[in-house]
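Computed from the coordinates by the stated procedures, all read-outs in this text should not be read as laboratory data. Quick caveat, the model's predicted, so the values are computed rather than measured. Note: ideal-geometry Cβ built from the backbone for every residue, glycine included; neighbour counts use all protein chains shown.
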Amino acid sequence: MKNNNRVSGIDIIGNVPWGIHFCQFYQTKEDLTDILIPYFKAGLENNEFCLWVLPVELDEEKAKEALKMTIPDIHAYLEKGQIEIIPYTCKQVEEGALDPQIALNHLIEKISKALASGYDGLRYSGSDFCGQEGILESVTGKYPIIALCTYFLDICNATTSFDVVSNHQLALIKREGKWEIIESFCQKSIMERKQAEEAQSVSEKRFRALITASSEAVYRMSPDWSEMHYLYGQGLLANTESPSHTWLQEYVPPEDQSHVIAVINEAVRAKSIYELEHRVWLADGNIGWIISRAVPILDENSEIIEWFGTASDITEQKKLNLN
């Protein structure tokens, strides 16, 4: 691949290699363009073909206006075909044009044409692969491509945010007016700009902030789950703000404890993501249902050093199913 070290255009990230697959959470159009305009500007200036699949919140004319504010000669790039802007339309959805597999085939075709036209590679942004990020991951390591997926934060709950971060090498989120990086726990960060322990600590805090913002319970566990480090229940579950060895008895009804422990033990053995729907004691003293998911945080020797998890209320869903 030509010049594997590429300019991202995003100050907080710096240079990136071909094959990076990362994402951005945004709440406003301004958040979106704040990252994507310099991102595409860098691609255009460095002989890359740029493909921007617009989200529903941004129309084509507004996108072009935003580009022109930073790239005065954007129309020249558009006319020669170095950047293509694809609007999101209801018709596309109805006709299945945004099906992830169709989108992937379209992307591969664009890469081939870009290389044949003399471009170094392709720079992409869109939300075509929402929920199907693994499909995109299958090509990012094979072709000269930089992929930035975008997610509207208001429609992401704790579970979907967890999945999004896990399926990208890093994520960008704006907190208190500043962009921050969340590095994935489930993939080795390709940035490698920090020591492993420092990166893990900083990433964990930022990821915890993201999940907490989703108003669902978050918790941390010791490697073998014998100790709960903390649980912020967000009104769903009672808080545990200091280490507890009796968390199982405090949160899980006696008749359900053996099943919960069995699933935990298997996740610990396999060093895999823990996921289980089970009953709990809610903060109001009643019994309810949650779906709990936790990811193991590994050290450089692939040993579990702790677990980070989320819990979402599914009580009403369970009641409907029973009826």
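For segment 217-322, build the charge dipole from Cβ charges (+1 Lys, Arg; -1 Asp, Glu) around the Cα centre, then report which of A311, P243, W289 sits farthest towards its positive end.
Value computed over the given set: W289.
Hey, can you grab everything whose amide H is under 5 Å from the amide H of R6? Only 5+ residues off in sequence or another chain; H modelled, so Pro and N-termini drop out.
Counting only residues 5 or more places away or on other chains, the set is V16, W18.
Counting Lys and Arg as +1 and Asp and Glu as -1, each charge on the Cβ, what is the dipole of segment 217-322 about the Cα centre in debye, to the nearest 20?
For segment 217-322, the charge dipole is close to 280 debye.
Using only the alpha-carbon atoms of segment 215-279 as identical scatterers, what base-10 log of I(q)/I(0) does the Debye formula give at q = 0.18, 0.27, 0.29 Å⁻¹?
Per q value, in the given order, log10 I(q)/I(0) is -0.69, -1.41, -1.45.
Can you give the local net charge around Y230? Use residues other than it whose beta-carbon is closer than 9 angstrom to its beta-carbon, Lys and Arg +1, Asp and Glu -1.
That works out to 0.
About the Cα centre of segment 1-47, what is the dipole size in debye to 20, counting +1 per Lys and Arg Cβ and -1 per Asp and Glu Cβ, all else neutral?
Taking the Cα centre of segment 1-47 as origin, the dipole is about 260 debye.
Work out from phi, with θ = phi - 60° and the Karplus expression 6.51 cos²θ - 1.76 cosθ + 1.60, the ³J(HN,Hα) of each residue of segment 119-127, listed in order in whole Hz, and give x for Gly and Pro.
Calculated HN-Hα couplings, in order: 7, 5, x, 10, 10, 10, 8, x, 10 Hz.
Which order do the peptides 109-116, 53-60 come out in when sorted by mean C-beta neighbours inside 10 angstrom, highest first?
53-60, 109-116
Just add up the charged neighbours of H245: K/R +1, D/E -1, any other residue whose Cβ is under 12 Å from the Cβ of H245.
Surrounding charge for H245 is -3.
Among K110/K271; K68/K178; K271/K319; K29/K142, which pairs are too far apart, with a Cα-Cα distance over 30 Å?
K110/K271; K271/K319; K29/K142
What is the gain in length, in nm to one decimal, between T28 and E45 on full extension, counting 0.36 nm per residue of separation less the C-alpha to C-alpha distance?
Gain in length upon complete extension: 3.5 nm.
So what are the ³J(HN,Hα) numbers for segment 270-277, from phi and the Karplus equation (6.51, -1.76, 1.60; θ = phi - 60°), rounded to whole Hz, Gly and Pro as x?
Using θ = phi - 60°, the values come out as 8, 6, 10, 5, 8, 8, 7, 9 Hz.
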